[in-house]
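Visitor: Next up is a structure, given as structure tokens.
The values are calculated or read from the model by the stated rules, or taken from the named source; none is laboratory data. What you see is a predicted model, and the numbers here were worked out from it, not measured in a lab. Note that we place each Cβ from the backbone using ideal geometry, even for glycine, and neighbour counts take in every protein chain shown. The accessibility values were calculated without ligands, DNA or RNA, using every heavy atom of the protein model including side chains. Shrake-Rupley method; radii C 1.70, N 1.55, O 1.52, S 1.80 Å.
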Amino acid sequence: MNSKKKNARIAGLLYLLIAITGGFGIMYTQSSILVSGDATATANNLMNAEFMFRLSILSNLISQALTIFLVLTLSRLFKEVNTKLTKYMVTLVLVAIPISFLNVLNLVAAQMLVSGADFLQVFNTEQLNSLALVFINLYEYGISVVGIFWGLWLFPFGMLIIKSKFIPKIIGIFLTIGCFAYLIDSFVSIILPEHKESVTAIIMLPLALGEFSTILWLLIKGVKDSYK
């Protein structure tokens, strides 16, 4: 197996692991913990599923750590295609990662507030539950903020694929569309949060097409010396 194909397969595997760990880390809080506007129900969910919540925190951290290795692998794969676009891709990812790591601290804070620790006795239960909900909401807004960079990095990545001759151009087109889908989702979440769910449902298809087609192609097909 040549080095280019090996890098492609490694990138595909890393991308798949990121999709699994990152998807669980983000979606578990949204689907199983957060009850919008209800601090008591959210706190009860946190306490009743402490292990799974901690596991989702760990999954978040693992996905971000893996992302470092993903973008470095991709940079080796595409550096000969266009050096400038490769640098943009790496820079945008490396800006997003510390934001994501810091954002996970909001989940740690929420879990700490409902832990029953002695140093929290100065607060009553209602106050602690409300503060926990605040931190989870901050985490959700943090996802919208870092989502801007999750979108932006897909543009140079998609352009690199389009310019390359070893991965189908259509996959690069899907990724550039995914870039704008991420940006729309983030901007709507921040400016018009009441419309987030409906907008997310609409743009999930281009997001899925772009990233999952990339994962499958890299993992299963790898790359060829030329592609027409």
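Visitor: Along each of its three principal axes, how wide is the spread of alpha-carbon positions in the chain, in whole angstrom units, largest first?
Guide: 65, 34, 27 Å, listed from the longest principal axis down.
Visitor: Another one. Please state the relative contact order of segment 29-129 as a whole percent: Cα pairs under 8 Å, 6+ residues apart?
Guide: Answer for segment 29-129 is 35 percent.
Visitor: Quote the convex hull volume per residue of segment 56-118, based on C-alpha atoms, as a whole number of Å³.
Guide: Cα convex hull per residue, to the nearest whole number: 63 Å³.
Visitor: Between the alpha-carbon centers of segment 155-228 and segment 48-108, tell me the distance in whole angstrom.
Guide: Segment 155-228 and segment 48-108 have Cα centres spaced 16 Å from each other.
Visitor: So, one more: Using the heavy atoms of the protein chains alone and a 1.4 angstrom probe, what is the accessible area of the chain per residue in square angstrom?
Guide: Here the per-residue accessible area is 52 Å².
Visitor: Leaving out ligands, DNA and RNA, and with a 1.4 Å probe, what % of the accessible surface on the chain is carbon or sulfur?
Guide: Carbon plus sulfur share of accessible area: 69 percent.
Visitor: Based on the Cβ-Cβ distance of ILE220 and TYR141, what FRET efficiency does E = 1/(1 + (r/R0)^6) give at R0 = 41 Å, to the nearest 0.05?
Guide: It comes out at approximately 0.65.
Visitor: Between MET112 and LYS79, what is the label-point separation in nm under the 7 Å Cα-to-beta-carbon projection?
Guide: Calculated label separation equals 4.0 nm.
Visitor: Turning to a different aspect of this structure: Expressed in nm to one decimal, what extension gain is obtained for the pair ILE170 and ALA49 from 0.36 nm per residue of sequence separation less their Cα-Cα distance?
Guide: Extra length from ILE170 to ALA49 when fully extended: 39.4 nm.
Visitor: Within 10 Å of each candidate Cβ there may be at most 16 other Cβ atoms; applying that plus a DSSP loop requirement, which chymotrypsin sites (Phe, Trp or Tyr not before Pro) in segment 97-128 survive?
Guide: Those satisfying the criteria are PHE123.
Visitor: What percent does the relative contact order of the chain come to when contacts are Cα pairs within less than 8 Å and at least six residues apart?
Guide: 24 percent.
Visitor: Are there chymotrypsin sites (Phe, Trp or Tyr not before Pro) in segment 164-228 that DSSP puts in a loop and that have at most 16 other Cβ atoms within 10 Å, and which ones?
Guide: Passing both the DSSP loop test and the Cβ count: TYR227.
Visitor: Taking the radius of gyration and the Kirkwood hydrodynamic radius from Cα positions alone, what is the Rg/Rh ratio for segment 66-168, to two decimal places?
Guide: Reported Rg/Rh (Cα atoms, Kirkwood Rh): 1.23.
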